[in-house]
Amino acid sequence: FQNVGETYALLRNFEEADRYLDRTLALMPDYSRAYAYKVRIRFRLKNEIEAARNVLERARSLGLGEDPSLLYQGILMAINAGNYTGALDLLSSTQAKALGEHFWFVPKPLLEAQILDLKGQRELARKKYEAARVLIENRIQAGPEDARYHSALGIAFAGLGRKQDAIREGLKAVEIMPISKEAFGGAYRLEDLARIYAMVGEQDRALDMLERLMSIPIDLGAAALNLDPSWKSLRNHPKFQELVRRYAG
């Protein structure tokens, strides 16, 4: 049921995805992954921030609040809602050094840096990006073929203003895990590459990547394009506005 629910989410069929995730929880009420995905699809596909928050609170009431995957989705939800202070509070509540799961590697300082950047605390954000860079490069030395690490390093480089290094690492992640090899995880590497392009000012390349992403299975909908601050620099571009209109239904 969990796999079917996630598949429907990748096809942007929120209702069926949610129905199968509910069936998952009927069988296993404390399964944190189902809660994490229910939170995720509410803000990524439906812009239902309050409903996502309610799911998160339900999971916390069962003692699942420290689950790294669930916590990561809760922080992303807060960021999408513009609650950057709340996102930092959630992040500071965990002792985990990295969040996410097998499709994401998000070191704590990298997520801190991104949130601080959104709050306008650029100097502090830069220090966190640098700390993240060191941590991720150490991971790459131990696991050079892990695409998640290269995506994360690309984002850290973008935050540090190292444009060419950022793009190189984003492309490396896609090379290691192309959608032809891994349709599920590969799509997230493309999304990270789009995010890197947006961060370094390559608007046309970011938009081309978003257009490609919206044409393939991924749990990215018009709601996420409108809410996620990663795409703020693109929102006045006619191509971005057309993309949102095309998939808003």
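Below, the figures for the structure above:
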quantity: Average accessible area per residue (Å²) across segment 9-68 - probe 1.4 Å, nucleic acids and ligands excluded; calculated: 48
quantity: Estimated D of segment 166-249 in µm² per second, where Rh is the Kirkwood radius over Cα pairs and Stokes-Einstein applies at 10 °C, 1.306 mPa s; calculated: 124
quantity: Cα gyration tensor, the chain - rounded (a/c under 1.5), prolate or oblate; calculated: rounded
quantity: All lysines inside 23 Å of Lys46 as judged from Cα atoms, apart from same-chain residues fewer than 8 positions distant; calculated: Lys38, Lys232, Lys239
quantity: Radius 14 Å from Cβ of Arg246, net charge of other residues (Lys, Arg +1; Asp, Glu -1); calculated: +2
quantity: Helix-only [θ]222 nm of the chain, DSSP H runs n ≥ 4, -39500 (n - 2.57) each, per residue, nearest 500; calculated: -22000 deg cm²/dmol
quantity: Pairwise label distance in nanometres, Glu16 with Gln164, each label 7 Å out on the Cα-Cβ vector; calculated: 4.7
quantity: Summed side-chain charge close to Tyr84 - residues other than Tyr84 whose Cβ falls under 12 Å, Lys, Arg +1, Asp, Glu -1; calculated: -2
quantity: Sites Thr94 and Ser233 - FRET efficiency at Förster radius 30 Å, r taken between beta-carbons, to 0.05; calculated: 0.55
quantity: Cut-off under 5 Å, modelled amide H: who pairs with Val106 long-range; calculated: Leu99
quantity: Rounded to the nearest 20 debye, dipole of the chain from Cβ charges on Lys, Arg, Asp, Glu; calculated: 420
quantity: Where Val244, Val134 fall by accessible area, highest first, once all protein chains stay in place (1.4 Å); calculated: Val134, Val244
quantity: Protection-proxy order for peptides 227-239, 149-161, each taking the mean of Cβ atoms within 10 Å per residue, highest first; calculated: 149-161, 227-239
quantity: Shape category assigned to segment 88-164 from the gyration tensor of Cα positions, a/c cut at 1.5; calculated: oblate
quantity: Three-way shape call for segment 105-249 based on the alpha-carbon gyration tensor, with the a/c threshold at 1.5; calculated: oblate
quantity: Inter-probe distance in nm under a simple model that places probes 7 Å from Cα toward Cβ, at Arg205 and Asn138; calculated: 3.0
quantity: Whole-percent carbon and sulfur share, accessible surface of segment 97-224, 1.4 Å; calculated: 50
quantity: Segment Phe184-Val4, length gained on full extension (0.36 nm per residue, minus Cα span); calculated: 63.5 nm
quantity: Net lengthening on full extension, Glu130/Arg58 (0.36 nm per residue, minus Cα-Cα); calculated: 22.3 nm
quantity: All Cα pairs of segment 6-63, percent lying beyond 18 Å; calculated: 25
quantity: Simple Cβ-charge dipole of segment 1-134, Lys/Arg +1 and Asp/Glu -1, about Cα centre, in debye nearest 20; calculated: 340
quantity: Farthest toward positive dipole pole in the chain [+1 Lys/Arg, -1 Asp/Glu at C-beta], among Tyr20, Tyr247, Tyr129; calculated: Tyr129
quantity: Peptide ranges 164-172, 11-19 listed from the most packed, as the mean C-beta count within 10 angstrom indicates; calculated: 164-172, 11-19
quantity: Amide proton proximity set for Asp228, modelled H, under 5 Å, gap of 5+; calculated: none
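The values are calculated or read from the model by the stated rules, or taken from the named source; none is laboratory data. Everything quoted here is computed from the prediction, not taken from an experiment. We place every Cβ from the backbone using ideal geometry, glycine too, and count neighbours over all the protein chains shown. Only protein heavy atoms, including side chains, enter the accessible area calculation; ligands, DNA and RNA are left aside. Shrake-Rupley method; radii C 1.70, N 1.55, O 1.52, S 1.80 Å.
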